[in-house]
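One structure below.
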């Protein structure tokens, strides 16, 4: 697919909308610029996000504000151990027609029927309920009583996890984590940002927000993102990030053999390219650069790289693996011919 004149104008419009959206969000959210960018990149790439951060970092406020800025319907689901799948998807009830006396089943929609879903503390609910959410994420539909019900478009799920307290939780298995495009780390604010947060939240006056994009606009711009061209050399650059995490497949860096037990699958390669395309468009460009790949590498890969006991003993995190990969993988203009790897990757072996 190629970009035509109308598409180019849409790219300019999305770049302008990106600046306006971040400006609107800054009225409510202090800092967290990288988090906001990653959320928007995932949204325009049609992906879902897992947000990991301690309580009190305005994750819920950020998502609600983003939905308001984009004129989207927002729904928050608090996941608890007693939550059932029907509490998310909806349920069928018997309704009687008073004029005829006949009874029929009627489907009552659950909170999943919105555009932006905040799945709060998704690891606190049993696997059966988690699976109901993940079916909706993947298929954009729910099945109740043998009937399929389509979800509203655009559809975007943001699930949160508390990294501190893990007692009584049901951790998402790797196969389900792989359904999330990004794993976004929400960090503490710095001192000046925290001071500004205190000033705003103790003043008692809420900021007025102006919607910048409609649901129809977002759907159109999601199509534009898919049309952005990517050079084969840049696509191969993205593939290196995933293929070199697979310690059992060919030549890999020594640190991967030492610290990684399981690497990223093909979905990671897809999301690296899609995320890079969306980031390029948000920044007003019609092509994908290696900088775009590097910018989305950590959120795409950090929940797809499984580290081993050696890594845990030495304090090596998946983000450290990604950073080391950035240091050893040559950029596209220095790309290694297909099928070959630079000597810095170490000797061959599956480990």
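The values are calculated or read from the model by the stated rules, or taken from the named source; none is laboratory data. The structure displayed is predicted, hence computed values, not measured ones. Counting neighbours? That spans all protein chains shown, and the Cβs are built from the backbone with ideal geometry, glycine included.
Values as computed for the structure displayed
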quantity: Single match in 239, 195 (criterion: in a helix (DSSP H, G or I) and in the same structural domain as residue 304 (by TED's automatic domain parsing)); calculated: 239
quantity: Verdict on residue 164 being assigned to a helix (DSSP H, G or I) and either surrounded by 16 or more Cβ atoms within 10 Å (Cβ to Cβ) or in contact (Cβ under 8 Å) with a residue 24 or more places away in the chain (or both); calculated: no
quantity: Residue count for segment 89-126, restricted to those that are in a helix (DSSP H, G or I) and either loosely packed, with under 12 Cβ neighbours inside 10 Å or more than 20 Å from the chain's Cα centre (by Cα) (or both); calculated: 1
quantity: Flag for residue 193 being modelled with pLDDT under 85 and surrounded by fewer than 19 Cβ atoms within 10 Å (Cβ to Cβ); calculated: yes
quantity: Residue list for segment 173-205, restricted to those being under 18 Å from the mean Cα position of the chain (by Cα) and touching a residue at least 60 places away in the same chain (Cβ under 8 Å); calculated: 174, 177, 178, 179, 180, 181, 182, 183, 184, 185, 186, 187
quantity: Qualifying residue in segment 260-268 (condition: in contact with a strand residue (DSSP E or B) (Cβ under 7 Å, 6 or more places away or on another chain) and either in contact (Cβ under 8 Å) with a residue 60 or more places away in the chain or buried (at least 19 other Cβ atoms within 10 Å of the Cβ) (or both)); calculated: yes
quantity: Residue within segment 38-61 that is crowded, with 21+ Cβ neighbours inside 10 Å, part of a helix (DSSP H, G or I) and more than 14 Å from the chain's Cα centre (by Cα) present; calculated: no
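A quick yes/no check of all residues on (1) farther than 22 Å from residue 217 by Cα; (2) in contact (Cβ under 8 Å) with a residue 12 or more places away in the chain; (3) in the same structural domain as residue 24 (by TED's automatic domain parsing):
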{"residue": "77", "(1), (2), (3)": "yes, yes, yes"}
{"residue": "93", "(1), (2), (3)": "yes, yes, no"}
{"residue": "97", "(1), (2), (3)": "yes, no, no"}
{"residue": "130", "(1), (2), (3)": "yes, yes, yes"}
